[in-house]
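The values are calculated or read from the model by the stated rules, or taken from the named source; none is laboratory data. It should be emphasised that the depicted structure is a prediction, and the values quoted were computed from it without experimental measurement. Neighbour counts are summed over all protein chains in view; Cβ atoms, including those assigned to glycine, are modelled from backbone coordinates with ideal geometry.
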C-alpha cells in the first residue's frame, strides 16, 4: 500500500526537494505552502503523515499540530525548523509530534523516522483488523468464549456442537492450560441442559475423604463437625452438567463410588441410608493418559470406559499457531481494560517471539504473558523487551554480540551482515528491519564491500 505524505513548508526549495526525495522512495507526496493550506489538504485528502515547518504564515506548525492531535490522533507528524530551540522541540513533542528535525535535513534520519512512524501505523492497522476479526468470529459463533479459526479448533468445535445435546459421558483430554474447562462449559451451554446448573469440581484440590464429601454430600452427624446435612455436587448439578477436572487424580475408593453413580445414577450421602437419584450429564477432564493409567493399574478400566463414551482432545497451542494473533488481541483487549491502559498492539519483534515460542503452558501461559506485558510496558506498543525472559530467549539466536571496543564501522557492518543473513539476503526486509531507506542500505553495502549473491 502506497503511503501519502504531506509536506508543509513556506520555502519552495524545501518542498520540492523533499517531494523528489520522498517520491524516489515510493511515497505519494502532497504539498502545502502554509499551515492553513496544509489543514485544508488534511481534511480533504487521505494523508498518512505530515512533515511540517515550525514557522509558517497563516498557521504555524505548532498550531497545525494541535489541530491534528485533536482530530487525527494517530497521524504521525515530524516538525522541521531552521530556528530549532529546546523549548520549541519540547512543545512540539508535547503536542504530539513523533520527532523534531532542524534544517539542513539529514535525509537518512528523516527516512528512518518515516519508516518507524509507518511501522507504528501498520501495527495500529493490524491490531484494528485483528479486533474486527475477533468480533466477527464471536458474532458468528454460538459459543464465543473459545477463540480459534485453525483447522484443529474448527473440527473440535464442530464435534462439540454435534455431541452437546447427547446424554453420554464425555472425556476431555489435553495438556494443562489448553482450555478443557471451556470445552466442558461449551458442551453445557450448547445443550438443552443450559438452563440448569453447570457445577465444577477440581478433583486434585481435595483429599480423598473431602472429595467424597464434596461429590456426594453428608448427613448430619456423619462425622465430627457435621452439624447439619449438606448436599454434594451431584445433587447440586441435578438436571444439569457436572464437570470433574483432573479426574485422573481420584483415589481407588472414590473411583468405585463414581462408577456406581455413572451406572445407576444413584448414590447415598456420607452417613446416610437414603438412596438419591439424580439426572446429571458427566463431563470429565484430565491431562493424564488414562489408557496408560489403566494399563499400569492406577485407574479402573470399567470406569475409564464409562467416562470415555465420547472423547474430545483439545490441541496444544503449538499445534494451532494461527490462533495466537487472535488470542493475543483478545487478551490485550481484556487486560488493557482491566488495568485501564491504552496499548495499541505488539511490535513485529514481540509478535515474532510469541509466534516462535512453544507455549508449554498453552493458553493460560499466553494470557499471563500478555497481562504481564500490559502492566510492564511504558509505551503504547508492547515490544520484545516487555515480554517475559523465557519468551524473549526464543529470539536469542538472532542477536548480534558486539564486543566492547569494536569500532562503529565494524559494529554497523556486523549488524547489517547478521540482518541480511536472518532475511536470507532480502534487501527490502533488511532495510525495513534496520529502519533505514533501501538506498541507504545499498550505499552501506558498497561502503563495506558486502556482496549479495
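General remarks:
- Among the residues of the range 46-66, not a single one is surrounded by fewer than 18 Cβ atoms within 10 Å (Cβ to Cβ) and either assigned by TED's automatic domain parsing to the domain that holds residue 326 or within 30 Å of residue 322 (Cβ to Cβ) (or both).
- Qualifying residue in the range 288-307 (condition: under 24 Å from residue 189 (Cα atoms), touching a residue at least 60 places away in the same chain (Cβ under 8 Å), touching a strand residue (DSSP E or B) at 6+ places or on another chain (Cβ under 8 Å) and surrounded by 13 or more Cβ atoms within 10 Å (Cβ to Cβ)): yes
- Test for residue 342: is it more than 24 Å from residue 247 (Cα to Cα), surrounded by fewer than 18 Cβ atoms within 10 Å (Cβ to Cβ) and free of Cβ contacts under 8 Å to residues at least 60 places away in the same chain: yes
- Close pairs (8 angstrom Cβ cut-off, 6 or more residues apart or separate chains): at pLDDT below 80 in the range 431-453, not in a helix (DSSP H, G or I) anywhere: 433/423; 452/425; 453/425
- Here residue 360 qualifies as out of contact with any helix residue (DSSP H, G or I) (no Cβ under 7 Å at 6 or more places or on another chain), surrounded by 13 or more Cβ atoms within 10 Å (Cβ to Cβ) and outside any helix (DSSP H, G or I).
- Residue that is surrounded by the most Cβ atoms within 10 Å (Cβ to Cβ), among those in the range 313-339 that are in contact with a helix residue (DSSP H, G or I) (Cβ under 7 Å, 6 or more places away or on another chain) and not in a helix (DSSP H, G or I): 314
- Residue check, residue 283 in contact with a helix residue (DSSP H, G or I) (Cβ under 8 Å, 6 or more places away or on another chain), without any contact (Cβ under 8 Å) to a residue 12 or more places away in the chain and either surrounded by 19 or more Cβ atoms within 10 Å (Cβ to Cβ) or not in a strand (DSSP E or B) (or both): no
- The selection criterion, being closer than 21 Å to residue 15 by Cα and modelled with pLDDT of 80 or more, does not hold for residue 153.
- Of 134, 113, all but one fail to be in contact with a helix residue (DSSP H, G or I) (Cβ under 6 Å, 6 or more places away or on another chain) and crowded, with 18+ Cβ neighbours inside 10 Å; the exception is 134.
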